[in-house]
1. Given the residues T32, T68, which is the only one that is of a type in the set (S, T, Y), closer than 30 Å to T99 by Cα and at pLDDT 95 or above?
2. Does A34 meet the test of being in contact with an Asp or Glu (Cβ under 6 Å, 6 or more places away or on another chain), in contact (Cβ under 8 Å) with a residue 12 or more places away in the chain, more than 22 Å from S332 (Cα to Cα) and in a helix (DSSP H, G or I)?
3. Is there a residue being touching a strand residue (DSSP E or B) at 6+ places or on another chain (Cβ under 8 Å), modelled with pLDDT of 95 or more, surrounded by fewer than 20 Cβ atoms within 10 Å (Cβ to Cβ) and among the charged types (D, E, K, R) anywhere in the stretch 355-375?
4. Within the stretch 1-52, restricting attention to residues that are among the small types (G, A, S) and surrounded by 17 or more Cβ atoms within 10 Å (Cβ to Cβ), which residue is nearest to P253 (Cα to Cα)?
5. Within the stretch 167-186, take every residue that is small (G, A, S) and free of Cβ contacts under 8 Å to residues at least 60 places away in the same chain and give me the one that is surrounded by the fewest Cβ atoms within 10 Å (Cβ to Cβ).
6. Within the stretch 187-224, count every residue that is on the phi > 0 side of the Ramachandran plot and surrounded by fewer than 24 Cβ atoms within 10 Å (Cβ to Cβ).
7. Looking only at the stretch 226-250, which residues are in contact with a strand residue (DSSP E or B) (Cβ under 7 Å, 6 or more places away or on another chain) and either assigned to a loop (DSSP other than H, G, I, E, B) or farther than 30 Å from D29 by Cα (or both)?
8. Quick one: A64 ticks every box in (1) in contact with an Asp or Glu (Cβ under 9 Å, 6 or more places away or on another chain); (2) in a loop (DSSP other than H, G, I, E, B) except a single one, so which number is it?
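The values are calculated or read from the model by the stated rules, or taken from the named source; none is laboratory data. The structure displayed is predicted, hence computed values, not measured ones. Neighbour counts are summed over all protein chains in view; Cβ atoms, including those assigned to glycine, are modelled from backbone coordinates with ideal geometry.
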Amino acid sequence: MDKLAIDGGPKVRTEPFPRRELFGQEEIDLVTEAIRSQKLFWWGGQYVDRFCEEFAKLYGVKHAVASTSGTAAIHVAVGTVNPNPGDEFITAPITDLGTVAPILLQNAIPIFADVDHTYNMDPADVERKITDRTRGIIVVHLFGNACDMDAMVDIARRHNLVLIEDCSQAHVTKYKGRYLGTIGDIGCFSLQQSKHLTTGDGGMTITDSDKLYERMRFFSDKGFQRKGWGPRAYLFLAPCYRMNEQTAAVGLPQIKRVRSRVERRMKLGNLLTELISDIDGLRGAPVTEGSEHSYWSYPIWLEKWTPDEFAKALVAEGIGASAGYIGRPIYSCAECCASKETYGDSHFPFDSPYSDRKIEYDENLCPETERALAHMINVGLHENYSEDDIRDTAEAVRKVATLLPPKNGG
């Protein structure tokens, strides 16, 4: 171990890591059955309704509404809240645009709370960002690790705010014995290819509230009050996010397998944490007190090295790694926030007459977020990895930490 692979030394890992094996004969049979039915539209079909029922049962809630993506699932949630133009939703600065776009698409304004050591929203900063225009909080359980949900629930209840959970990276993950997505008012899930439960793409929105469910199911279907043939009734402005039958047929068999997938990832992620815990100058994935971690990805905090150099050295050793996750806070890399590129030349809702304050997303907005992204790398793992695969990953991390010169010679 006297020379890094990037400098011409031997690689730690020469064999490719195993690919994810997501779909099997049961999915093939159900999709084939759906196609042979000659009916792939949800209305009057069977698979989407079954998928929603089984998904709700998995989480122990009354209602689930399927949609076309995780972004759509969050839009269904925000549309269900029915904010007024200029209302504000506090959300996370380290996330995908799919968390933020639905806020703007409902003519509301995203407000970003800084993160704490877990890379999730800091409850204290969430409370600091509340104004008389705040309508709700959208928490993001980043990488599969929970926000401090006790604090978030307390804040939401004291300020009479709707609490939405973005669980796109945290399927069937428990916080103090309860599944994430069931603790707030509404839970949202992405079913995109990389997620713990996947249909290639798709989304699901869940709630225990009968009142919220009524609007949720209409919002995903153009506000269409379906009564069969005859005069039509569209109750309010809404998009069309209907899931089709073959997508649901892919998802149904995975209801039975998703928890075992997550438990496998937990075992592997916890092993990686154990194996790298004694390496000076870095720390493994944080776990919120009371939370499980389902390791959609595995973040490592680097103190001595630049993330780009460390990640490149790991890749050279045969380990999948990337620096910084999204690189910059979402409000800096999304022009709908940074330049307010929204509706034509208007910049609406930022220049809305309904909002009486100027919103700017400057570089000092979330300093802990900037710091986290400047120190973070991510390494991949999934349920088809073996423990030996994780040991190779840990060995490569240790090798790079030992041989890569620290930044600035420090």
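1. T68
2. Spelling it out, A34 is indeed in contact with an Asp or Glu (Cβ under 6 Å, 6 or more places away or on another chain), in contact (Cβ under 8 Å) with a residue 12 or more places away in the chain, more than 22 Å from S332 (Cα to Cα) and in a helix (DSSP H, G or I).
3. yes
4. Step one: list which residues in the stretch 1-52 are among the small types (G, A, S), which gives 5, 8-9, 24, 34, 37, 44-45.
Subsequent filtering for residues that are surrounded by 17 or more Cβ atoms within 10 Å (Cβ to Cβ) retains 5, 34, 45.
Working: A5: 42, A34: 14, G45: 17 Å.
Here the residue is A34.
5. First pass over the stretch 167-186, keeping only residues small (G, A, S): 168, 170, 177, 181, 184.
Within this subset, residues satisfying the condition of being free of Cβ contacts under 8 Å to residues at least 60 places away in the same chain are 177, 184.
Numbers: G177: 7, G184: 25.
Ranking the qualifying residues of the stretch 167-186, first place goes to G177.
6. 3
7. Y234, Y241, R242, M243 - these are the residues of the stretch 226-250 that are in contact with a strand residue (DSSP E or B) (Cβ under 7 Å, 6 or more places away or on another chain) and either assigned to a loop (DSSP other than H, G, I, E, B) or farther than 30 Å from D29 by Cα (or both).
8. (2)
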